[in-house]
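To keep things clear, I will list the structure first and then write my remarks on it.
The values are calculated or read from the model by the stated rules, or taken from the named source; none is laboratory data. Only a predicted model underlies this, so the values are computations on that prediction, with no experimental measurement involved. Positions of Cβ are generated from backbone atoms using ideal geometry, with glycine treated the same way; all protein chains shown enter the neighbour counts.
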Amino acid sequence: MKTTKEIRMKTLLGNTYRDKVTGYTGVCIGRCDYLTGASSAQLAPPVGENCKDFDEGEWFEERRLEELDVPPVTLDHGGLSIGFYQGETA
């Protein structure tokens, strides 16, 4: 009997998604997996002109999100390993 289950979230940090219900669009900057099986992703929208409309983002259930065909956002941490890393090692 298998006692562990591999849980793979569909959202990837840095990818852009749209909420199917509200139309809210943003880059995935955070994600969370709950014991109950519901996974959520935090989306941060683009900043308005001159950074006037800064929005820290909103959380959505992953099943409500659709991935958009936009190149992913990446950050260069100068070779430092910061937090969770997803991807291939150099």
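Values as computed for the structure displayed
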item	result
Near pairs, Cβ below 7 angstrom, 6+ apart or cross-chain, from the stretch 40-59 (free of Cβ contacts under 8 Å to residues at least 24 places away in the same chain) to any residue that is of a type in the set (V, I, T) and surrounded by 11 or more Cβ atoms within 10 Å (Cβ to Cβ)	Q42/I29; A44/V27; A44/I29; P45/T25; D53/V47; F54/V47
Hits in the stretch 10-55 - residues which are among the hydroxyl-bearing types (S, T, Y) and either surrounded by 13 or more Cβ atoms within 10 Å (Cβ to Cβ) or at positive phi (or both)	T11, T16, Y17, Y24, T25, S39, S40
Condition broken by W59, with the remaining ones in (1) in a loop (DSSP other than H, G, I, E, B); (2) modelled with pLDDT of 80 or more satisfied	(1)
Selection status of T3, in a loop (DSSP other than H, G, I, E, B), modelled with pLDDT of 95 or more and of a type in the set (V, I, T)	no
